Amino acid sequence: MEGVAFWAAAVVAAALVGMGKGGLPAVGILGVPVLALVINPVTAAGLLLPVYVLSDMFGLYAYRHAFNARVIAILVPGMVAGVGVGWATAALVPVWAVTALVGAIGLVFALNLLLRRKGPVSPRPARVAPGLFWGAMTGFTSFVSHAGAPPYQVYTMPLGMPKLVYAGTSTIAFAIVNLVKLVPYWQLGQLSAANLRVAVVLMPVAAVSVFVGLKLVKLLPEAAFFRFVTWALLALSAKLIWDGVAGALG
């Protein structure tokens, strides 16, 4: 893991991770695909997990006063269970199938948001059963490929949270699940001393980017923020479907 191409991709990936932790939805998940341009995707996922975890610390500080405790309390048990299922089935479930499924879910949801008639929509209550289900889907897909955003957004976007609360809730929920993922990633050999050394070098980039993301969230108007969320979800979901199909054919 050396050379100009690797470090250029790694810096961009770390900046994306940091901005995602600053509250820009679906941005952080682009880090693995960017780094996978120059190294193996599995290695990229293992390398970036410590960057996610360290960036989470800054995100938790940035959003310490803006989050929905009920949503976190509902989602996190499901997310942790989903990580456990991902760990237990890591050798059985092909990554391409999970990737394509997540992409399909996100694509349908984003298209529904974009194509439905405009008008006032009453926020849905944060119900427990759907939250546990989508939380488990989030944890599972986050474990497999750091791609937990689409199922997470399927549950949280209809709740009508203000943009800062939405961003803070996302940051806290994924901070918890990323911390939980450290143990199975280590057990499966996806963390190494070399990865940790690179993560330490990338940490300043990710830390600064957290606050860049926070600033952008505060500057964006509420309606524009959620339009960005929807279009980011659409683009990300299409990319996941492409990756899944490519994995199946490869």
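The values are calculated or read from the model by the stated rules, or taken from the named source; none is laboratory data. Please read all numbers here as calculations on a predicted model, not as lab measurements. Ideal geometry is used to build each Cβ from the backbone, glycine not excepted, and the neighbour counts take in all protein chains shown. With ligands, DNA and RNA removed, areas are computed over all heavy atoms of the protein, side chains included. Shrake-Rupley method; radii C 1.70, N 1.55, O 1.52, S 1.80 Å.
Could you please find all residues in region 28-50 being over 14 Å from residue 190 (Cα atoms) and either part of a loop (DSSP other than H, G, I, E, B) or open to solvent by 30 Å² or more (accessible area, probe 1.4 Å) (or both)?
The initial filter retains those residues of region 28-50 that are over 14 Å from residue 190 (Cα atoms), namely 28-31, 33-38.
Passing the criteria: 30, 33, 34, 36, 37, 38.
Evaluate the following for residue 177: is it β-branched (Val, Ile, Thr), within 18 Å of residue 31 (Cβ to Cβ), crowded, with 20+ Cβ neighbours inside 10 Å and modelled with pLDDT under 90? Reasoning before the result, please.
Numbers: β-branched (Val, Ile, Thr): yes; within 18 Å of residue 31 (Cβ to Cβ): yes; crowded, with 20+ Cβ neighbours inside 10 Å: yes; modelled with pLDDT under 90: no.
So residue 177 does not fit the description; no.
What about residue 92, is it without any contact (Cβ under 8 Å) to a residue 40 or more places away in the chain and either over 30 Å from residue 201 (Cβ atoms) or not basic (Lys, Arg) (or both)? Let's see the steps before the verdict.
On the way: without any contact (Cβ under 8 Å) to a residue 40 or more places away in the chain: yes; either over 30 Å from residue 201 (Cβ atoms) or not basic (Lys, Arg) (or both): yes.
Yes, satisfied.
Quick check: anything in region 81-89 assigned to a helix (DSSP H, G or I) and exposed (fewer than 15 other Cβ atoms within 10 Å of the Cβ)? Outline the logic, then answer.
First, pick out the residues of region 81-89 that are assigned to a helix (DSSP H, G or I): 81-88.
With the extra rule that they be exposed (fewer than 15 other Cβ atoms within 10 Å of the Cβ), the set shrinks to 88.
Checked against the condition, which is being assigned to a helix (DSSP H, G or I) and exposed (fewer than 15 other Cβ atoms within 10 Å of the Cβ), region 81-89 yields at least one hit.
If we scan region 134-153, do we find a residue that is open to solvent by 10 Å² or more (accessible area, probe 1.4 Å), modelled with pLDDT of 90 or more and more than 18 Å from the chain's Cα centre (by Cα)?
No - not one qualifying residue is present in region 134-153.
Pairs needed: first member in region 39-67, over 13 Å from residue 177 (Cα atoms) and among the hydrophobic types (A, V, I, L, M, F, W, C); second member anywhere, surrounded by fewer than 17 Cβ atoms within 10 Å (Cβ to Cβ) and at pLDDT below 85; C-beta distance under 8 Å; at least 6 residues apart or different chains.
39/1; 47/1; 47/39
Might you check whether a residue that is modelled with pLDDT under 80, part of a helix (DSSP H, G or I) and open to solvent by 70 Å² or more (accessible area, probe 1.4 Å) occurs anywhere in region 209-232?
yes
Select, from 196, 188, 202, 159, the only residue that is open to solvent by less than 10 Å² (accessible area, probe 1.4 Å) and not small (Gly, Ala, Ser). Show your work before the answer.
Numbers: 196 fails: open to solvent by less than 10 Å² (accessible area, probe 1.4 Å); 188 fails: open to solvent by less than 10 Å² (accessible area, probe 1.4 Å); 159 fails: open to solvent by less than 10 Å² (accessible area, probe 1.4 Å).
Sole residue among the options that is open to solvent by less than 10 Å² (accessible area, probe 1.4 Å) and not small (Gly, Ala, Ser): 202.
Does region 162-171 hold any residues that are in a helix (DSSP H, G or I) and either open to solvent by 10 Å² or more (accessible area, probe 1.4 Å) or of a type in the set (Phe, Trp, Tyr) (or both), and which are they? Walk me through how you get there before you give the answer.
If we filter region 162-171 for residues that are in a helix (DSSP H, G or I), which is where we start, we get 163-171.
Of everything in region 162-171, those that are in a helix (DSSP H, G or I) and either open to solvent by 10 Å² or more (accessible area, probe 1.4 Å) or of a type in the set (Phe, Trp, Tyr) (or both) turn out to be 163, 164, 165, 166, 170.
Look at region 51-79 and say how many of its residues are of a type in the set (Phe, Trp, Tyr), open to solvent by 60 Å² or more (accessible area, probe 1.4 Å) and farther than 17 Å from residue 157 by Cβ.
Just the residues of region 51-79 that are of a type in the set (Phe, Trp, Tyr), to begin with: 52, 58, 61, 63, 67.
If we keep only those that are open to solvent by 60 Å² or more (accessible area, probe 1.4 Å) too, we end up with 58, 61, 67.
Those left that are additionally farther than 17 Å from residue 157 by Cβ: 58, 61.
Residues that pass the stated criteria total 2.
Working only within region 55-70, note down all residues that are of a type outside the set (Lys, Arg) and either in contact with a strand residue (DSSP E or B) (Cβ under 9 Å, 6 or more places away or on another chain) or in a helix (DSSP H, G or I) (or both). Show your work before the answer.
Start the filter on region 55-70 by keeping residues that are of a type outside the set (Lys, Arg), which leaves 55-63, 65-69.
Matches in region 55-70: 55, 56, 57, 58, 59, 60, 61, 62, 69.
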